[in-house]
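To start, the structure itself, in structure tokens.
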Amino acid sequence: MVHSFKQGWQTLKSIFTGMGITIRHFFGPSVTLQYPDERDVLPKLARSKLFVNIDDCIGCNLCARACPVNCIDIETVKAGADVDLGKTSNGSQKRLWISRFVIDMAKCMYCDLCTYPCPTDCIYMVQEYEYSDFNRDNLVYKFSNLTPEKIAEVKETARIEAEEAEKKKAEEAAAKAARASKASDSRPSSVPGAARGIPGSAKGIPGKAKGIPGASKGVPGKAQGIPGAAKSIPGKAKGIPGAAKGVPGKAKSIPGTAKGVPGAAKSVPTAAKGVPGKAKGVPGAAKGVPGKAKSVPTAAKNVPGKAKSIPGTAKGVPGKAKSVPTSAKSVPGKAKSVPGTAKSVPGKAKGVPGKAKGVPGGGAAKVPGKSTAKQVPGKKPPKENKDNNTD
Amino acid sequence: MTWLESLPLAVFVMIPLVIILIYALFAIWMERKVAGFIQDRLGPMRVGGWHGWAQSFADLLKLIQKEDIIPAEASKFLFRFAPFLMFAASYAAFAVIPFSSAYMGSNIDIGVFYLLAITSLLTISVIMAGWASNNKWSLLGAMRTAAQMVSYEVPTIMAVLSVIIVAGSLNLMTVTEMQSGNDTLGFLPNWLIFQNPFLLVAFVIFFISILAESHRVPFDLPESESELVAGFQTEYSGMRWAMFMLAEYADMLLLSLLGAVLFFGGWNSPFGGFMDGPIWGFFWFMFKGMILVFVMMWIRWTLPRYRVDQLMYLCWSILIPLSFINFVLIALWEMLF
Ligand code: SF4
Ligand code: SF4
């Protein structure tokens, strides 16, 4: 009984307490705004809408790469050598036409990540937030200030220029090849090394190409190797001395790989026998940014080989590795190997500057010029490569 | 009687209808404003200019334009009939409310009895609507409503009877008239609430019960949105639904006005002869009624809803015994003093 009365009293008390609170709010000021008539002042760095000052944009694509949802789409065209696009407000030279710069604000999540990497601070948030629309397409903002005609024009110019450049290169290559063949004829034995030049990975990447160089006249084949993303180091040039040495970073010329050690590594070994090789490795950015590693050994004398390997990212993102040796003599070709995929091994060398694509399983290398050599890279598919993928 | 002769009578009868309609438009707007202010908002602000005063008109216009939907499996006649029966019952009850010393629809001696009887029709119309909708939420809502209204009628009637003992008449005009003057303790008006300490308890019981009878929070189980969609009104839309709303607001006003008559001196001015007279009387009467309506709204935006079993417990285990005891105590007090 006493308990019931106590409870009843408590109930009444709490009802009146509650009503006291509500009546205070009833007479208190309202906290809402009459929106279209009144507007709140936004904080200075409010993220409302992206804006790009296209005059300052150098087309570096950093903002697009930083965007987690890929809502920035940039297309650039190289400006011709004789065209001066001017400078940005902070003094960087502009070298690219921005033929397309669109931001899909419907996809944007306002994380602001795109604004930080911009070297010229030309992409930033503005405080306009009233841009809703009935049509999603209208939320795709276009910032490029080139007209379609202008874009067509600059693209055409760029194409012509690229063609010319290629021609020039081809000529140069031909000249070099001629020189190389002379040299290799005379000193065949000294060149084989090139072929092995790029072993695969340090860790058992099958693709260790053995290059079987020799096929023709000691003309190296190519090499290969491409290391997988994680632990491989291309560039190790085995027949070519020097590789190991003088390679900064990881001994084996390609740094960065596994652990994402940034830093470029360059190794310019000189071949003992006069076959210098060059290995350049640009490892990826530390975290998941795929980097590239290039190793470009050029044989000094007769067998210049170029090997490029672009290892994947530190984190198992398969990258691409390319090794493109050009043989002095007409032989070598290019070897491409894509490590991440476990399938690297160069394989065939076709024709002179041909390309060699490697399938680790095995591959045939044709040595132009003379005979066909089989390249049998490791027979087993690389276990390690699999690991690389998951790294 | 020709139509011309019956015209004055028609106008006479229509007066409460006009009051109800104006009141309903105002109360709906006011409910939203009260809700807004209590929640630190402003409520409707745009329609009509000053504080969105025309919001209710806009809503009414919208409701009139709505498609008239009757569910295919519904019992057509009962479905159509229920809202009108409900409103008719609310409206009919206004006949015995003395709006001012000069106006009362029907000055009959069994006013209170009539009022309580006719409001029982509301229960029937609610069940009718729920049953005719052929929808389980509607039916559940209707059953809850019926149970609630029937239960709470008991404490309401006991509280009203307690007042009738003191007043000695079932005629609401007589009850109002006997409360005029300012003699209590020398300055308080002679309102019944000040006449007898136990009438204060009676008023509390009465107020809780009318909250439940007009299904206001915390007793809004019939329409508890979170459980029953909208209770017995689930299948209703457009003007039929508006009719239910109108009846509900009319019911709220009716019971508030009844409270004003029984406890707060009806149309009597709180200042004795000052600001007295039929017009002022009407003003004071509506003013008192609206204050009670406001308290109902205030409670609505303060308290959470009861559970069904708590609702029944409160009624049968607390209010009813309490009202009986109180009834006896009031009778004793009247005998002794
Ligand atoms: S704010 Fe974030 S989501 Fe939006 S474009 Fe920039 S990086 Fe992408
Ligand atoms: S980061 Fe800046 S400069 Fe680079 S493309 Fe984006 S907007 Fe242009």
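For the stretch A:98-157, the list of trypsin sites (Lys or Arg not before Pro) that fall in a loop by DSSP and count at most 16 other C-beta atoms within 10 angstrom reads A:Lys107.
Arranged from highest to lowest average of other beta-carbon atoms within 10 Å per residue, in what order do the peptides A:10-17, A:50-57 appear?
A:50-57, A:10-17
Rounded, prolate or oblate for the stretch B:222-337? Axes are the square roots of the Cα gyration tensor eigenvalues, ordered a ≥ b ≥ c, and the cut-off for rounded is a/c under 1.5. Cα axes put the stretch B:222-337 in the oblate bin. Per-residue mean of foreign Cβ neighbours for A:18-28 is 5 (Cβ atoms of other chains, 10 Å radius). Starting from the Cα gyration tensor of the stretch A:49-149, take the square roots of the eigenvalues, sort them a ≥ b ≥ c, and report rounded, prolate or oblate (rounded when a/c is under 1.5, otherwise prolate if a/b is larger than b/c, else oblate). The shape class here is prolate. To the nearest 10, the accessible area of A:Cys114 is 10 Å² with a 1.4 Å probe.
With 50 Å² as the minimum drop in accessible area between chain alone and full protein complex (1.4 Å probe), the qualifying residues in the stretch B:28-49 are B:Phe37, B:Ile38, B:Asp40, B:Leu42, B:Arg46.
Classify the stretch B:181-289 from the C-alpha gyration tensor, please: rounded if a/c falls under 1.5, else prolate or oblate depending on whether a/b exceeds b/c.
oblate
Among B:292-305, B:139-152, sorting by the average number of other beta carbon atoms lying within 10 angstrom of each residue, highest first, gives B:139-152, B:292-305. Annotation note: GluC sites (Glu not before Pro) in the stretch A:82-162 located in DSSP loop regions with a Cβ neighbour count of at most 13 within 10 Å are A:Glu128, A:Glu130. Across peptide A:30-38, the mean count of Cβ atoms from other chains lying within 10 Å of each residue's own Cβ comes to 3. Take each residue in A:8-14, count the other chain C-beta atoms within 10 Å of its C-beta, and the mean is 1. Under 5 Å between amide hydrogens, built in the peptide plane, is the criterion, and for A:Lys49 it picks out A:Val126, A:Glu128 among residues at least 5 positions away or on other chains.
Filter the cross-link list B:Lys33/B:Lys66; A:Lys44/A:Lys155; A:Lys94/A:Lys142; A:Lys107/B:Lys33 down to pairs whose alpha-carbon distance in this structure exceeds 29 Å. Violating the 29 Å limit, Cα to Cα: A:Lys44/A:Lys155; A:Lys107/B:Lys33. Modelled label positions at A:Ser132 and A:Phe27, each set 7 Å beyond Cα in the direction of Cβ, lie 3.7 nm from each other. Taking amide H as placed 1.01 Å from N in the peptide plane, the amide H of B:Val47 sits under 5 Å from that of B:Gly52, each at least 5 places away or on another chain.
Taking amide hydrogens as placed 1.01 Å from N in the peptide plane, the amide H of B:Ser100 sits under 5 Å from that of no residue at least 5 positions away in sequence or on another chain.
Excluding the site residues themselves, the longest part of chain B lacking any GluC sites (Glu not before Pro) in a DSSP loop with at most 15 other Cβ atoms within 10 Å is B:74-337. Under the criterion of Cα pairs below 8 Å and six or more residues apart, the relative contact order for chain B equals 22 percent. Label separation (A:Ser89 vs A:Arg159): 3.6 nm, computed from points 7 Å beyond Cα along the C-beta direction.
Measuring nothing but how far apart in sequence close Cα pairs (under 8 Å, 6+ apart) lie, relative to its length, the stretch B:249-296 scores a relative contact order of 46 percent. Other residues whose C-beta falls under 14 angstrom from the C-beta of A:Tyr141 contribute a net charge of 0, scoring Lys and Arg +1 and Asp and Glu -1.
The values are calculated or read from the model by the stated rules, or taken from the named source; none is laboratory data. Keep in mind that this is a model prediction, so the values were computed, not measured. Neighbour counts run over all protein chains shown; Cβ positions are idealised from the backbone, glycine included. Accessible surface is based on the protein model in full, side chains and every heavy atom, while ligands, DNA and RNA are left aside. Shrake-Rupley method; radii C 1.70, N 1.55, O 1.52, S 1.80 Å.
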